[in-house]
Amino acid sequence: MNPLLRISAAALVSVTLTSSFNATAEAIPADKIATLREAPLNVEPTPPVMQKVINSDVKEVRNYPMQPPVIPHKIDGYQVNLKVNKCMSCHARTRTGDSQAPMVSVTHYMDRENNFLAELSPRRYFCTQCHVPQLDAKLLVPNDFVDMDTLIKADINKEAEH
Amino acid sequence: MIAKLLATLKKIWVVLRKPSVHYSLGFLTLGGFIAGVIFWGGFNTALSVSNTEAFCISCHEMENNVYQELQSTIHFTNRSGVRATCPDCHVPHNWTDKIARKMQASKEVWGKVFGTINTPEKFEAKRRELAEHEWARLKANDSLECRNCHNFDYMDFTRQSQRAANMHSTSLASGEKTCIDCHKGIAHQLPDMQGVEGW
């Protein structure tokens with residue numbers, strides 16, 4: 001599946017919450033935006049079916065170099081709070097030997113003055129602020145994002161024509 | 001004082017040794033049998049009542065803390081409708097082990113009487129200690145309560161995610177690790193895990 005077609009779970013949730021509850025998750029036409037509920041006020045519309053989280057454990061290609069990598073597995077019930085960070089029980093440097101999970105990058109240990117800290121930087125502590133699991137879902141809104149490499153390739157082709 | 005006690009004990013012993021004068025052998029054996037049934041039945045009924053979720057959460061310490069945390073986990077609600085209640089994980093199913101655990105639980109009655117964890121703050125302060133008791137228990141019995149339902153021999157690795165299959169077919173299969181080593185905090189919130197192995 002084209003990675004562009006997969007939208008982040010967070011985005012989907014927010015879009016679903018604000019969008020209509022019609023069974024088929026399609027793009028919302030502009031004239032309908034004013035009435036996102038798409039059902040009379042006294043009727044409880046049927047919510048769309050819950051989507052399945054992709055649990056393949058296969059790394060997704062990033063859509064652009066600085067994209068926070070998406071999570072290719074389920075994170076149901078993962079506890080990330082002041083007491084404990086479940087993600088780090090596999091992704092911490094010392095744990096990657098046992099877990100074979102990718103280590104969180106060193107930038108996560110840097111504060112905003114670029115000083116290295118012994119522990120995760122507090123601003124990078126809450127993983128799901130940037131990293132999210134993916135749903136095997138249809139695209140809710142069209143996306144015409146063009147990746148940098150595609151642009152470069154198009155450029156080269158153009159020069160070759162001249 | 002001691003001589004007096006010994007005299008009383010001797011008197012009881014003499015009475016026990018003497019054959020019955022007033023009651024027939026039939027009455028004594030049958031009566032003994034019926035009394036036995038009633039006592040044993042009563043004991044077992046009380047035991048099984050104390051082994052229900054309703055009994056566990058009749059204490060607000062359990063209902064307001066651990067039971068609330070359990071409710072959002074997969075052991076409480078899931079697609080197939082199988083539920084693990086408190087005793088399924090916290091009380092051994094085997095009779096002798098169960099009695100041993102019940103005797104240990106008298107400490108919990110003590111805790112209840114003296115309000116050791118009767119506020120959320122006190123519970124939070126004790127969370128690590130309580131969790132460590134459970135981890136130690138499950139580590140010692142090779143995660144027996146997990147295995148009452150999750151039998152390693154019946155696992156189909158092809159139906160597991162790749163990650164899970166890898167771990168289960170190596171560390172768990174070799175007996176190097178047991179369930180609780182990796183699956184901590186699956187039914188309740190974890191305490192501060194500073195210094196816990198693997199965290």
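Every residue, every condition in (1) in contact with a helix residue (DSSP H, G or I) (Cβ under 8 Å, 6 or more places away or on another chain); (2) within 11 Å of chain A (Cβ to nearest Cβ); (3) of a type in the set (S, T, N, Q), yes or no:
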{"residue": "B:151", "(1), (2), (3)": "no, no, yes"}
{"residue": "B:155", "(1), (2), (3)": "yes, no, no"}
{"residue": "B:170", "(1), (2), (3)": "no, yes, yes"}
{"residue": "B:175", "(1), (2), (3)": "no, no, no"}
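Do the conditions hold for residue B:76, that is, is it within 14 Å of another protein chain (Cβ to nearest Cβ), farther than 20 Å from residue B:128 by Cα and surrounded by 14 or more Cβ atoms within 10 Å (Cβ to Cβ)? Yes, satisfied. Among the candidates B:135, B:95, the residue that is closer than 30 Å to residue B:49 by Cβ and out of contact with any helix residue (DSSP H, G or I) (no Cβ under 8 Å at 6 or more places or on another chain) is uniquely B:95. Of all the numbered requirements in (1) over 28 Å from residue A:48 (Cβ atoms); (2) in contact with a Pro (Cβ under 7 Å, 6 or more places away or on another chain), residue A:110 misses one, and that requirement is (2).
Do we find that residue B:124 is of a type outside the set (A, V, I, L, M, F, W, C), more than 14 Å from chain A (Cβ to nearest Cβ), closer than 27 Å to residue B:55 by Cβ and assigned to a helix (DSSP H, G or I) in this structure? Give the derivation first.
Details: of a type outside the set (A, V, I, L, M, F, W, C): yes; more than 14 Å from chain A (Cβ to nearest Cβ): no; closer than 27 Å to residue B:55 by Cβ: yes; assigned to a helix (DSSP H, G or I): yes.
The answer is no for residue B:124.
Here is the figure for segment B:173-199: residues that are charged (D, E, K, R) and open to solvent by less than 60 Å² (accessible area, probe 1.4 Å) total 3. Of note, residue B:176 does not satisfy the criterion of being outside any loop (DSSP other than H, G, I, E, B) and out of contact with any Phe, Trp or Tyr (no Cβ under 9 Å at 6 or more places or on another chain). Confirm whether residue B:162 is over 20 Å from residue A:95 (Cα atoms) and either facing another protein chain (nearest Cβ under 9 Å) or modelled with pLDDT under 90 (or both). Considered against the rule, which asks whether it is over 20 Å from residue A:95 (Cα atoms) and either facing another protein chain (nearest Cβ under 9 Å) or modelled with pLDDT under 90 (or both), residue B:162 comes out as no.
Applying the condition of being in a helix (DSSP H, G or I) and in contact (Cβ under 8 Å) with a residue 24 or more places away in the chain to segment B:75-96 and asking which residue is nearest to residue B:65 (Cα to Cα) yields B:86.
Within segment A:53-60, at least one residue is out of contact with any Ser or Thr (no Cβ under 8 Å at 6 or more places or on another chain), open to solvent by 80 Å² or more (accessible area, probe 1.4 Å) and either of a type outside the set (A, V, I, L, M, F, W, C) or under 21 Å from residue A:123 (Cβ atoms) (or both). Of the residues B:164, B:136, the single one that is at negative phi, surrounded by 12 or more Cβ atoms within 10 Å (Cβ to Cβ), assigned to a helix (DSSP H, G or I) and without any contact (Cβ under 8 Å) to a residue 60 or more places away in the chain is B:164.
Among the residues that make up segment B:31-45, is at least one of them in a helix (DSSP H, G or I) and within 30 Å of residue B:142 (Cβ to Cβ)? Give the steps one after another, and end with the answer.
Going residue by residue through segment B:31-45, those that are in a helix (DSSP H, G or I) are B:31-45.
Checking which are within 30 Å of residue B:142 (Cβ to Cβ) leaves us with B:43-44.
Yes, some residue in segment B:31-45 is in a helix (DSSP H, G or I) and within 30 Å of residue B:142 (Cβ to Cβ).
Across segment B:186-199, which residue is nearest to the other protein chains (Cβ to nearest Cβ) among those that are of a type in the set (Gly, Ala, Ser) and in contact (Cβ under 8 Å) with a residue 12 or more places away in the chain?
Keep residues of segment B:186-199 that are of a type in the set (Gly, Ala, Ser), which gives B:187, B:195, B:198.
From what's left, in contact (Cβ under 8 Å) with a residue 12 or more places away in the chain: B:187, B:198.
Details: B:187: 9, B:198: 6 Å.
Across segment B:186-199, the extreme among qualifying residues is B:198.
The one condition from (1) without any contact (Cβ under 8 Å) to a residue 40 or more places away in the chain; (2) more than 19 Å from the chain's Cα centre (by Cα) that residue B:123 does not meet is (1).
Within segment A:104-136, the residues that satisfy the criterion of being more than 22 Å from residue A:81 (Cβ to Cβ) and not hydroxyl-bearing (Ser, Thr, Tyr) are A:106, A:110, A:112, A:113, A:114, A:115, A:116, A:134, A:135, A:136.
The values are calculated or read from the model by the stated rules, or taken from the named source; none is laboratory data. This is a predicted model, so every value here is computed, not measured. Cβ atoms come from the backbone with ideal geometry, glycine included; neighbour counts cover every protein chain shown. Only protein heavy atoms, including side chains, enter the accessible area calculation; ligands, DNA and RNA are left aside. Shrake-Rupley method; radii C 1.70, N 1.55, O 1.52, S 1.80 Å.
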